[in-house]
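The values are calculated or read from the model by the stated rules, or taken from the named source; none is laboratory data. Given the structure is predicted, the values throughout are model-derived calculations rather than measurements. Quick reminder, even Gly has a Cβ in these numbers, built from the backbone with ideal geometry, and neighbours come from all protein chains shown. Note: accessible area is taken over every heavy atom of the protein model, side chains too, but ligands, DNA and RNA are not part of it. Shrake-Rupley method; radii C 1.70, N 1.55, O 1.52, S 1.80 Å.
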Amino acid sequence: MPIIARTGNEAMSEAMRQINPDVVAAYPITPATEVVMLFAKFVADGLVDTEFVAVESEHSAMSACVGASAAGARVMTGTSSQGLQLMSEILPIASALRLPIVLCEVNRALSGPINIHCDHSDTMAVRDFAWIQIFSENAQEAYDNILQCMKIAEDKRVLLPAMATTDGFIISHCMEKIETLEDAEVKKYVGEYKGVNTVLDLKNPVTLGSLDLQDYYFEHKMPIVEAMRNAKSVIEEVGKEFGKLYGREYGLIEGYKLDDAEVAIVALGSTCGTTKAVVDELREKGQKVGLLKIRVFRPFPAEEIAAALANLKVAVILDRSDSYNNQGGPLFTEVRSALYDAAKKPLITNYIYGLGGREISLDDLRSIFAEQQEVAKAGKAKEVIKYFGVRE
Amino acid sequence: MPNLKDLAAKKEPICGGHRACAGCGAPIIVRQVLMSSKDPVVVTSATGCLEVVTTIFPYSAWEVPFLHNAFENSAATCSGVEAAFKALKKKGQAPAEHVNFVAFGGDGGTYDIGFQSLSGAMERGHDMLYVCYNNEAYMNTGIQRSSATPMGAATTTAPAGKVIPGKVQFPKNLTEIMVAHDIPYVAQSAVGFWRDLTSKAEKAFSIRGPKFMNVLQPCRLGWGYKPELTAELGRLAANTCVWPLYEVIEGKYKLTYRPKEKKPVVEFLKMQDRFRHLFRPGNEAILEAIQKEVDRRWEALLNKCEG
Ligand SMILES: Cc1ncc(C[n+]2csc(CCOP(=O)(O)OP(=O)(O)O)c2C)c(N)n1
């Protein structure tokens with residue numbers, strides 16, 4: 001299998017090229033622009049068979065994706081931040097119509113003020129739209145996650161759209177060594193897609209997007225609830241199979257040196273990589289620290305998280321966005337809720353960090369571990385929600 | 001040119017029993033446009049009266065494939081369907097025959113909130129026909145003004161009040177804006193001219209690439225008239241030159257209907273409740289201004305038309 005140097009954006013567009021979707025409708029936005037640009041070049045060079053629709057906005061991008069997917073095509077797109085926000089009216093329509101669109105999302109802080117760097121406020125803002133959401137720790141995972149998203153989204157037990165995310169600039173623009181699959185292998189892996197009940201079925205005309213009021217709307221939401229339930233095991237199944245085929249196995253969550261840990265960080269995305277380095281270092285010194293990486297945010301792996309955190313003294317939940325509800329960031333509130341029914345649970349603290357791309361360094365993570373080891377000793381948290389790394 | 005006998009023998013694209021008001025012009029437009037297609041059609045629609053009255057679950061009036069996405073994106077949605085058709089065709093997975101892709105939108109979904117989506121789809125050159133069923137206001141949400149609403153008309157967001165006499169702006173000339181997109185076919189037609197409308201739709205369907213039609217749709221509720229007068233109001237709009245019927249093929253203008261006698265605009269206005277306040281003493285200047293603007297636009301159009 002080829003090992004190549006790629007940025008996160010290049011890794012995602014490479015996966016797109018190999019998937020060779022029928023339709024891509026997309027619009028540029030930093031830091032996801034490159035995904036769109038590189039793909040446009042693949043089209044111009046005849047490397048894919050895709051109909052590329054260079055739309056005039058992200059709203060039209062997602063609208064055209066819905067049209068194309070409803071016509072039975074395999075459809076992909078990519079965006080960031082304001083672009084995802086502009087799509088957001090159409091995102092729940094895509095999931096309600098059960099259209100397995102795959103979106104390359106590059107996490108970037110939402111305006112305002114305008115900013116182009118990484119935080120998770122954009123992805124979190126669309127977390128309740130019945131899209132599968134998978135976070136990547138690095139470019140390799142970005143590549144692998146896009147391939148797996150295609151499989152998960154199109155699985156008959158799921159049939160929901162999916163986004164794989166990378167962290168803007170941190171992953172999207174950093175060059176890493178990644179292992180890719182051969183083109184023919186990807187073709188085999190994703191297989192052929194055949195849409196059902198499409199608007200191109202002229203013999204059996206369907207009406208899609210009906211007005212659906214008190215009588216039926218609620219019932220029509222239930223299959224989506226069911227699909228999200230199914231998605232959990234499908235994601236696990238796909239992740240295991242990926243491991244068997246290509247040596248890199250994935251689950252809903254990933255514990256890192258967690259088994260005997262007393263204090264652990266719970267995080268999403270690229271910060272997990274930085275945390276692993278600090279965990280290794282502190283372990284060398286004999287400190288019982290670990291990491292719980294949340295790979296899949298939607299569906300939310302609540303039981304798995306509760307089980308993984310059960311034996312800790314302290315769990316530190318890192319949120320790269322805030323809910324502005326005085327209750328902590330979105331990851332924190334969901335983890336906290338996951339722990340409610342647990343017989344054994346750790347003390348928990350929420351660190352909201354890195355908004356607008358503020359860097360989180362090895363030193364920062366060392367200090368977080370040090371603080372929380374004190375909490376573990378004291379058996380009591382001083383402050384539950386902290387805004388970390390912000391000037392007073 | 002389609003004839004009534006052939007049209008009457010065609011399979012209906014939408015069936016009766018839908019919930020449009022008695023006298024609604026929108027289904028007339030849909031039927032006449034779609035029945036002019038020799039090829040199968042796939043339809044998208046914007047949110048609005050048309051979508052609401054034809055698709056209430058578990059019923060559907062549509063006998064052809066139909067997709068409603070949201071309010072402002074009928075054109076973008078249709079462009080996606082068309083792109084999918086092209087992609088699947090390459091793989092031999094699309095219907096073998098030619099398919100006409102038709103996007104419908106009300107004037108709100110076309111002139112205003114969906115304007116960008118329309119402009120983008122037309123510029124990209126998708127093989128599709130966009131049809132604006134133009135009832136000159138947001139009817140579905142209860143008669144609010146749009147940029148297609150004529151000057152002086154009372155709507156619920158530009159009501160006729162004690163100091164402001166309804167809408168104070170003239171309508172945007174969207175048809176001309178679409179002509180400026182330099183697309184192969186642009187036309188304006190109206191309910192009440194079945195031959196004009198079906199001929200134009202047939203012509204549009206014979207052309208590959210982006211096409212746009214703006215069809216005036218009298219609305220008995222929003223305009224305020226008796227339901228049996230729908231076709232009559234369409235005809236009056238053309239006969240007063242408030243709504244000229246014409247087409248622009250590859251940039252060439254052609255008037256498709258010239259009224260035998262150009263009637264004064266008030267004959268059109270006085271039939272409708274939305275203009276009733278204009279006939280109160282003191283509003284004469286508004287009536288004059290409307291007539292003047294209609295004349296100016298009509299002359300400008302005649303200058304663009306050959307012969
Ligand atoms: C983004 C958005 N804004 C507002 C609405 C509410 N809305 C639904 S239909 C409509 C007006 C439709 O007017 P028009 O396009 O003229 O069509 P008509 O109802 O007259 O057929 C409005 C404002 C909506 N559905 N979506």
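Observations on the model:
- Exposed trypsin sites (Lys or Arg not before Pro) absent: longest stretch of chain B, with sites in DSSP loops and at most 15 other Cβ within 10 Å deemed exposed: B:92-161
- Solvent-accessible area, 1.4 Å probe, carbon plus sulfur percent, for chain B: 56 percent
- Interface size A-B, as summed buried accessible area [1.4 Å probe, Å², nearest 100]: 3200 Å²
- DSSP bridge orientation in chain B - percent antiparallel, rounded to nearest 5: 30 percent
- For A:Lys285 and A:Tyr216, the difference between the fully extended length at 0.36 nm per residue and the C-alpha to C-alpha distance is 18.8 nm.
- Looking at the stretch B:132-217, none of the GluC sites (Glu not before Pro) sits in a DSSP loop with at most 13 other Cβ atoms within 10 Å of its own Cβ.
- Taken over the stretch B:4-306, the percentage of Cα pairs per 20 Å bin, counting from 0 up to the bin with the maximum distance, is 35, 58, 7, 0.
- For A:Ala343 and A:Glu249, a Förster radius of 51 Å and the Cβ-Cβ distance give a FRET efficiency of 0.95, rounded to the nearest 0.05.
- Inter-site label distance for B:Arg258 and B:Ala285 at 7 Å from Cα along Cβ, in nm: 3.6 nm
- 0 to 90° range, to nearest 10: angle between helix B:284-304 axis and chain B longest Cα axis: 40 degrees
- With each label modelled as a point 7 angstrom along the Cα→C-beta vector, the B:Arg195-A:Lys257 pair spans 8.7 nm.
- Comparing A:Ile19, A:Ile93, A:Ile101 in a Gaussian network model of chain A (Cα springs below 10 Å), the most mobile by mean-square fluctuation is A:Ile93.
- Apportionment of accessible area to carbon and sulfur, chain A, percent (1.4 Å): 52 percent
- Backbone N under 16 Å from the A:Leu47 label point (7 Å along Cα→Cβ), restricted to the stretch A:1-21: A:2-21
- Whole-number D in µm²/s for chain A (Stokes-Einstein; Kirkwood sum over Cα pairs; 10 °C, 1.306 mPa s): 74 µm²/s
- Remark: spin-label model distance B:Lys292-A:Ala5 equals 7.2 nm, labels positioned 7 Å along the Cα→Cβ axis.
- Separation of alpha-carbon centers, the stretch B:28-103 and the stretch A:339-358, rounded to whole Å: 48 Å
- C-alpha long axis of helix A:330-339 to longest principal axis of chain A, angle in °: 70 degrees
- Under a Gaussian network description of chain A, with springs only between Cα atoms under 10 Å, the residue in A:Asn350, A:Asn204, A:Asn107 that fluctuates furthest is A:Asn204.
- The angle between the Cα long axis of helix A:58-70 and the longest principal axis of the Cα atoms of chain A comes to about 60 degrees, rounded to the nearest 10.
- Only Cα pairs under 8 Å and 6+ residues apart enter the sum, and on that basis the relative contact order of chain B stands at 16 percent.
- Relative contact order [Cα under 8 Å, 6+ residues apart], the stretch B:45-165, whole percent: 25 percent
- Among A:Leu160, A:Leu309, A:Leu202, the largest mean-square fluctuation in a Gaussian network model of chain A (Cα springs under 10 Å) belongs to A:Leu202.
- A Förster distance of 22 Å, applied to the separation of the beta-carbon atoms of A:Arg366 and A:Val390, puts the FRET efficiency at 0.75.
- Mean residue ellipticity (222 nm) of chain A, computed from DSSP H runs ≥ 4 via -39,500 (n - 2.57), nearest 500: -12500 deg cm²/dmol
- Residues of the stretch A:15-60 buried by at least 40 Å² on assembly (accessible area, 1.4 Å probe, chain alone as reference): A:Asp22, A:Glu51, A:Val53, A:Glu56
- Where the protein assembly as shown is the region considered: accessible area per residue in Å², 1.4 Å probe: 40 Å²
- The amide H of A:Ile253, built 1.01 Å from its N in the peptide plane, has A:Arg295 as neighbours under 5 Å, considering only residues 5 or more places off or on other chains.
- Annotation for the stretch A:336-379: chymotrypsin sites (Phe, Trp or Tyr not before Pro) lying in DSSP loop with at most 11 further Cβ atoms inside 10 Å of their Cβ are A:Tyr340.
- Calculated FRET efficiency, B:Ala180 to A:Glu303, Cβ-Cβ distance, R0 = 45 Å: about 0.15 to the nearest 0.05.
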